Structures are given as C-alpha cells and as structure tokens.
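The values are calculated or read from the model by the stated rules, or taken from the named source; none is laboratory data. For clarity, every value in this text was computed on a predicted model and none was experimentally measured. With ideal geometry, Cβ positions are generated from the backbone for all residues, glycine too; neighbour counts draw on all protein chains shown.
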Amino acid sequence: MLPRPISDAGFYHLEAGPGFPKGLKDSMPAIFWAIPSKIHSNSCDNAITILQGSPVAGPHTHKFILISMDSDGKARIHFDIAGTIEGILLEHYHDGLQPTIEMRLPFNYSRIPPWIKGIARFFRTSNMVHEPAVDFPSDRHPEVVDWLRNVADWTQAPSTVRSRSFSWPNGCKAALTISHDVDTDWIFNNAGWIDRICDLEEHFGLQGAWYCVPVYSQSKTAIAGIERLVSRGCEIGCHGYNHDAKWPLLSGQRFEDRAKAVQVFRDRWKVRGFRSEWLWRTPPFLLTIARLFDYDTSVPTVSSFFTSECRNGCGTYFPYVTHGNMIELPLTLPMDDDVHASGLGLEEFWRLQVERAMRIIDSGGLVMLSLHVQPHQAANNATLQAVEKAIGELVAVPGLWIARPDRIADWVRSQLSMEHTGCTHECD
Ligand SMILES: [Zn+2]
C-alpha cells in the first residue's frame with residue numbers, strides 16, 4: 001500500500017530533465033514529494049539536506065523524485081532513506097539551537113519570580129513568530145520519520161536500527177507515559193501537592209517520572225520530598241544542573257564541575273533518565289550525557305517554545321536510539337507550559353492536547369505528557385482539573401500500554417537491541 005504522503009505528492013508521468021535521478025526512465029510513473037521549505041527548517045538549503053534529493057523546482061518549494069515504479073510494478077527508491085531518517089532523528093539538518101535571550105543573561109533566569117517572567121514572556125511572545133511552537137505537532141505532518149519508515153517498509157529498503165519500527169508489549173497499539181519537570185524546590189516546600197498529583201495520576205494507573213534539578217534537591221525538605229515520590233512508586237530523573245540552561249554552553253572545567261555534581265545526584269537516587277533544562281541540547285552534549293544516563297527525553301517531535309528560534313525536532317512519535325546509544329523518549333506533545341505562549345485558555349489547550357494525543361495513538365506512537373509542578377504552571381486547581389479530564393479521556397482508549405518512562409526505555413532497548421551499559425563507560 002502506498003504510504004500517506006507528507007505533502008503534495010502524486011503519480012506523474014515524468015519528462016526527462018535536469019535534476020532527474022540517474023536511471024529513471026522517461027514516462028515512468030513516479031512519486032513527487034514536494035516539501036515546503038519551512039518543514040523542520042529555516043531555509044530551503046536545509047530542506048535539501050534533509051532529503052538528499054534533487055531540487056527540480058523552487059525557490060520556495062522543492063520537488064524531489066523519491067520513488068519510481070519499475071515496469072514490473074516494483075517500487076524503486078532514489079534516495080538514501082536510512083541516512084535520511086538518521087539525519088532527522090539526530091538533528092543533523094540544522095546548525096544547532098540558538099541560545100535565547102534568557103540563557104545569555106549573566107544570572108540564573110529561573111530564579112526570577114514567575115510574575116516578572118510572565119511580563120517578560122508577554123513582550124517576548126508578542127514579537128515572536130510562533131510557528132510551529134504553538135501549532136505543535138503541526139498540521140504539516142511532524143511525523144516525517146514515521147512516514148519515511150513506512151516508505152522503507154513498502155519499498156523493502158535495507159533497514160537499520162534507526163530506520164526500522166518496533167511494536168509495543170502485549171500487542172498494545174500505542175504507549176502513554178507522564179513526566180514532571182521539577183524546575184525549583186517549590187513542590188518540596190509544598191509537599192501536599194506531591195500526594196495530590198500522585199493521587200490524581202495513580203487513579204488512572206499512571207506512575208510518572210519526576211525530573212529534578214540537582215542543585216534544588218539537596219535540602220532536607222527536598223530529600224524528604226524525593227523520598228516521598230520514591231515511596232509513591234515514581235521514577236526520579238535528572239533535570240539538568242541548576243536550571244540556568246547554560247550547562248550545554250559551557251566547556252572545560254566548568255562543564256566537568258557540573259557533570260560531577262550531576263553524577264552525585266544520579267548515584268544517590270539511582271537515576272536513569274535525563275531531561276535537559278529548556279530542552280537545550282547539542283550532539284556533543286548528548287554524547288556526554290550518555291556517559292551518565294540510559295535514556296534522554298529532551299528532544300521534541302517538533303520544535304518547542306523554548307527552542308523555537310531554530311526549527312528543530314526529531315520528527316517521530318516513536319522512541320529511538322540517539323547519540324551515544326542512549327534511548328530517546330521524544331516529547332511528542334507540547335509541554336504544559338506552552339499554554340502561556342499559545343494564547344489559548346486552559347480548557348482549549350488541553351482539549352487540543354487530547355486531540356493531538358489521539359493522533360499519536362492512531363499512529364501507534366508514544367504519548368509523552370509533561371507537567372511543570374509550580375503554581376503558575378500545573379500545580380493549581382484549574383490546571384489539574386483540565387489535566388484530570390484529559391488523562392481520563394486518554395486512558396479510556398483501549399489497547400494502550402501505560403508505563404513509567406524508564407520502563408518504556410527498557411522495552412525500547414530490548415526491541416532495538418543495542419548494547420549500552422548506560423553508566424560505566426563512554427559510548428561512541
Ligand atoms: Zn525545566
């Protein structure tokens with residue numbers, strides 16, 4: 001069966017001309033895939049890099065001949081599909097994230113009171129181009145990698161660990177998990193909210209991961225809070241170092257000092273998963289993190305609010321093997337915090353989240369919910385009400401595998417069977 005095209009595509013009769021792949025005969029039906037230059041990229045050049053194809057139109061839209069049909073009806077592929085998938089998953093198609101103004105401040109932006117941040121956000125977002133941060137996953141087929149995998153299956157292209165798909169346990173059709181970014185020690189000082197959130201999630205059969213900031217996890221109160229989370233069956237993960245989002249920008253001793261402190265936190269709480277502050281990441285940073293953690297969950301399917309100054313993302317609803325052989329559990333949905341940038345009301349925002357999650361479930365992917373546990377984010381009555389309704393609708397879908405992020409990472413590892421000890425040696 002012909003995979004669903006991600007954009008304008010169709011069968012055409014070809015006329016030979018410049019830019020046509022070698023060996024493609026005239027008058028042979030072929031699929032043209034026109035990729036708007038804006039998908040996953042700021043520029044047409046990057047779009048070309050993604051597909052490694054031959055541009056035959058444009059400056060704003062390029063057409064690529066991807067697949068042709070032989071006279072015996074066999075599909076023939078005209079680009080390196082495994083290499084293309086790898087290039088998108090590992091984000092080789094952009095030049096790196098652009099540090100935001102907040103990251104360049106000489107102090108830790110996260111320590112500014114929320115009401116001041118709210119004013120700053122108002123002025124910043126009013127000047128920003130939102131697309132696709134708000135429309136996320138965008139309607140323009142963010143699951144480009146999943147589509148390419150279907151093409152690879154259909155054309156029987158040789159598969160690699162990154163190009164092949166996998167299935168969920170017990171015949172489940174999709175997976176659902178929940179994560180929490182503990183950006184400060186607020187919830188430890190207001191511990192009633194720990195049980196409140198855990199009660200809500202446990203009611204629906206969810207136990208989540210709580211990615212804590214090592215620097216904010218050292219006081220007696222914080223330790224008691226983390227112990228409480230452990231006793232509730234939650235997973236403890238690591239959320240950067242001190243939430244100033246500068247760790248990936250550092251080098252030398254200053255970088256290593258943070259790595260050492262993070263390692264102490266990891267050892268204390270037997271942490272296996274990592275989420276970067278502000279989702280900030282670079283290939284060398286992820287390689288370093290792979291020395292410390294089994295899995296990462298810092299990469300959005302499509303660029304998120306915090307990284308939207310550069311289009312980025314992994315283009316898949318499925319976990320995959322990322323830099324350093326870590327398992328990547330992508331943020332397949334916008335984070336809860338995006339409600340502020342979206343300009344939507346809570347109810348509307350969470351209604352859209354459910355709609356997007358249903359699309360992910362239909363695709364057989366992983367729904368990664370995320371909550372920030374501070375009062376101006378998810379730790380308030382109105383948000384929890386909206387979240388409760390949304391989770392209730394999602395868990396009612398039959399055939400979902402509901403599991404903690406670390407268990408999902410274990411399953412993916414077993415399916416993709418790549419060796420990784422995760423903590424004891426440096427990976428390639
Ligand atoms: Zn955070």
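Couple of notes before you dig in:
- Checking each residue of the stretch 359-368 against the condition of being within 16 Å of the ligand (Cβ to nearest atom), buried (at least 20 other Cβ atoms within 10 Å of the Cβ) and either part of a loop (DSSP other than H, G, I, E, B) or outside the structural domain of TRP193 (by TED's automatic domain parsing) (or both) gives no match.
- Which numbered condition HIS323 fails, given (1) farther than 24 Å from THR160 by Cα; (2) buried (at least 22 other Cβ atoms within 10 Å of the Cβ); (3) not hydroxyl-bearing (Ser, Thr, Tyr): (1)
- Failed condition for PRO375, given (1) free of Cβ contacts under 8 Å to residues at least 12 places away in the same chain; (2) assigned to a loop (DSSP other than H, G, I, E, B): (1)
- Helices (runs of 4 or more DSSP H) lying entirely in the stretch 142-239 (those with 2 or more residues that are within 20 Å of the chain's Cα centre (by Cα) and more than 18 Å from ALA403 (Cα to Cα)): 144-154
- Among (1) surrounded by fewer than 23 Cβ atoms within 10 Å (Cβ to Cβ); (2) within 26 Å of ARG407 (Cβ to Cβ); (3) among the β-branched types (Val, Ile, Thr); (4) modelled with pLDDT of 95 or more, the one test that THR288 misses: (4)
- Verdict on ALA386 being surrounded by 19 or more Cβ atoms within 10 Å (Cβ to Cβ) and not in a helix (DSSP H, G or I): no
- Selection of the stretch 254-281 for residues being among the β-branched types (Val, Ile, Thr) and within 16 Å of the ligand (Cβ to nearest atom) yields VAL262, VAL271.
- Residue in the stretch 309-318 that is of a type outside the set (A, V, I, L, M, F, W, C), part of a loop (DSSP other than H, G, I, E, B), modelled with pLDDT of 95 or more and under 23 Å from GLY208 (Cα atoms) present: no
- Any hit, the stretch 223-235, residues being within 16 Å of the ligand (Cβ to nearest atom), in contact (Cβ under 8 Å) with a residue 12 or more places away in the chain, surrounded by 18 or more Cβ atoms within 10 Å (Cβ to Cβ) and assigned by TED's automatic domain parsing to the domain that holds LEU331: no
- Checked against (1) out of contact with any Asp or Glu (no Cβ under 7 Å at 6 or more places or on another chain); (2) within 21 Å of ILE360 (Cα to Cα); (3) at pLDDT 95 or above, ILE178 meets all criteria but (1).
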